[in-house]
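Only one structure is covered here, and it is reproduced in the block below.
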Amino acid sequence: MRNAFAAEVNAQAVSDSRVVLLSGDIGNRLFDPIKASAPDRFLNCGVAEANMMTVAAGMAMNGLRPVVYTIAPFVTTRCLEQIRVDVCYHQLPVVIVGVGAGLSYASLGATHHSCEDIALLRSLPNMTVISPADAHEVRGALRAALRHDGPVYIRIGKKGEPLVHDQEPEFNIGQAIVIRPGRRVAFLANGTVVKVALDAADRLGQLGLSPEVVSFHTVKPLDQATLTRVFDQFDLVVTVEEHSVMGGLGGSVAEWLADTEPRRARLLRVGTPDTFLHQAGEQNHAREVFGLTPEHIAERVRARLIGALPVAA
């Protein structure tokens with residue numbers, strides 16, 4: 001994902017002289033292309049994320065299109081006041097990109113985990129929040145964010161994430177993408193666990209189910225048309241995210257559901273629990289601890305929907 005972002009931000013800087021990239025002392029070699037093509041529009045702001053956000057706000061006030069990039073918790077929680085007051089209050093077109101979101105940096109401990117960022121930023125007025133599923137969606141998300149007249153937060157993985165699309169899909173803010181049509185169960189997933197949801201759907205196929213899988217990449221604004229359709233059409237809607245079940249995609253959908261008319265489907269939220277991870281380990285280990293694996297998710301769906309049926313060998 002980060003390689004796709006680096007390539008796309010360079011392409012956008014080449015085609016639009018307003019695009020400026022600000023980095024929080026990370027990815028220096030990754031951004032060699034933009035430093036070569038637009039050397040005056042790459043700024044390493046050092047380990048001073050709050051100051052970097054205010055610099056970006058000032059640039060946006062003067063007609064530039066700044067993109068702010070560093071590790072997810074450092075570009076969100078560390079400078080939340082600057083995002084709120086300097087960027088969102090003025091509705092400035094600043095694109096904030098958090099790399100290594102969720103549990104991507106699990107091995108580095110809780111300081112590098114980012115399972116609250118969506119909850120924090122989606123509560124801010126004027127903010128748009130996007131969690132793309134793969135490198136294809138990262139490219140589309142960045143282009144859409146740079147066209148958007150207001151602040152946008154894009155949370156991405158680190159590296160090596162599998163593709164879930166054969167080619168780059170049409171990407172529009174607030175419009176979910178159906179990856180696999182199905183029946184009875186609908187997975188609404190975002191970020192790097194969209195592939196996990198697809199694998200969980202495959203396991204449920206052994207039980208005779210054919211779940212739909214949707215890349216619900218935009219958490220704010222919600223795709224209410226898709227929500228209305230799936231909650232009216234399916235028996236169970238499952239949100240899957242590498243983020244806390246509180247305040248993320250699942251929380252957003254639960255809020256929408258509480259405010260709308262009664263619907264056919266029940267809601268099952270899958271994400272990280274309301275706790276810190278104190279164990280050391282890589283991302284896959286962290287997902288196992290928190291039940292963010294195809295096996296765990298398929299079992300939760302089976303227990304909720306078809307607990308009386310045997311699990312296929």
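Every read-out reported here was derived from the displayed coordinates using simple, explicitly stated rules and does not represent laboratory data. Predicted model only: the values in this text are computed from it and were never measured. Virtual Cβ from ideal backbone geometry, glycine too; neighbours counted across all protein chains shown.
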Please state the charge dipole magnitude for segment 228-276, taken about the Cα centre, from unit charges on C-beta atoms (+1 on K and R, -1 on D and E), reported in debye and rounded to the nearest 20.
-> 180
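Pop out the Kirkwood hydrodynamic radius of segment 72-222 from its pairwise C-alpha distances, inverse of mean 1/r, in Å to one decimal.
After inverting the pairwise mean of 1/r, the radius is 16.0 Å.
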Evaluate the relative contact order of the chain (contact order divided by residue number), counting alpha-carbon pairs under 8 angstrom at least 6 apart; express in whole percent.
-> 16
Under 25 Å Cα to Cα from Lys35, which lysines show up? Leave out anything in the same chain fewer than 8 places away.
-> Lys158, Lys159
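May I ask for the net charge around Leu80, where only other residues with Cβ less than 12 Å from the Cβ of Leu80 are counted and Lys, Arg are +1 while Asp, Glu are -1?
-3
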With a/c under 1.5 counting as rounded, go ahead and sort segment 1-86 into rounded, prolate or oblate using the C-alpha gyration tensor (a ≥ b ≥ c being the square roots of the eigenvalues; past the cut-off, prolate if a/b is larger than b/c, else oblate).
-> oblate
Would you mind checking which residues have amide H under 5 Å from Val129's amide H? H placed 1.01 Å from N; only 5 or more apart, or other chain.
-> Tyr153, Val219, Lys220
Expected sort for 269-281, 121-133 on mean C-beta neighbours within 10 Å, highest first, is 121-133, 269-281
Is the shape of segment 230-313 best called rounded, prolate or oblate, per the rule: a/c under 1.5 gives rounded, else a/b larger than b/c gives prolate, else oblate, with a ≥ b ≥ c the square roots of the Cα gyration tensor eigenvalues?
-> oblate
Let me have the 222 nm mean residue ellipticity of the chain computed from DSSP H runs of 4+ only, each contributing -39500 (n - 2.57), with the sum over all residues rounded to the nearest 500.
-> -10000 deg cm²/dmol
Which peptide among 8-19, 242-253 comes first, and what is the full order, when sorted by highest mean count of other Cβ atoms within 10 Å?
-> 242-253, 8-19
For the chain, state what percent of all Cα-Cα pairs lands in each successive 10 Å bin, counting from 0 Å until the bin that includes the largest distance.
-> 6, 29, 35, 21, 8, 2, 0
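Pull out the extension gain between Phe276 and Leu108, defined as 0.36 nm times the separation in residues minus the alpha carbon to alpha carbon distance; nm, one decimal.
Values: separation 168, 0.36 × 168 = 60.48 nm, distance 1.32 nm.
Residue separation times 0.36 nm, minus the Cα-Cα distance, leaves 59.2 nm.
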Cα centroid separation - segment 33-64 against segment 187-265, whole Å = 36
Out of Pro125, Val230, Val194, whose Cα points farthest toward the positive end of the dipole of the chain (charges: +1 Lys, Arg; -1 Asp, Glu; placed on Cβ)?
-> Val230
